[in-house]
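As structure tokens, the structure follows; a few thoughts come after it.
The values are calculated or read from the model by the stated rules, or taken from the named source; none is laboratory data. Every value quoted in this text rests on a predicted model; they were computed, and no experiment measured them. Glycine also receives a Cβ, built like all others from the backbone with ideal geometry; neighbour counts cover every protein chain displayed. Ligands, DNA and RNA are stripped out before the accessible areas are found, and what is left, the full protein with its side chains, is counted by its heavy atoms. Shrake-Rupley method; radii C 1.70, N 1.55, O 1.52, S 1.80 Å.
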Amino acid sequence: GLYEVSPDHNALVGEAPDVSRFLYATGFSGHGFLQGPAIGEVMRDLVLGHTPVVDVSSLDARRFGSSTGKAEHNTV
């Protein structure tokens, strides 16, 4: 399958600001199966309009809107 990769190698999870109710969960860089149960709960909460059980604000796609990049914290 595809190996999704974001510029900082972290997932993209959240709701698009410009498109009503466009929710996304992508770019897990091969860790989607591992993180799937938790992201499933987060997406459920976003769909229902609840505060997600896990804070995913740092995974919002808007983090790439600024010119300052963030380094990957977990390089092996």
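Quick notes on this structure:
- Expressed as a whole percent, the accessible area of region 1-57 that falls on carbon and sulfur atoms is 61 (1.4 Å probe).
- Between H50 and D18, the FRET efficiency estimated from the beta carbon spacing at R0 = 25 angstrom works out to 0.70.
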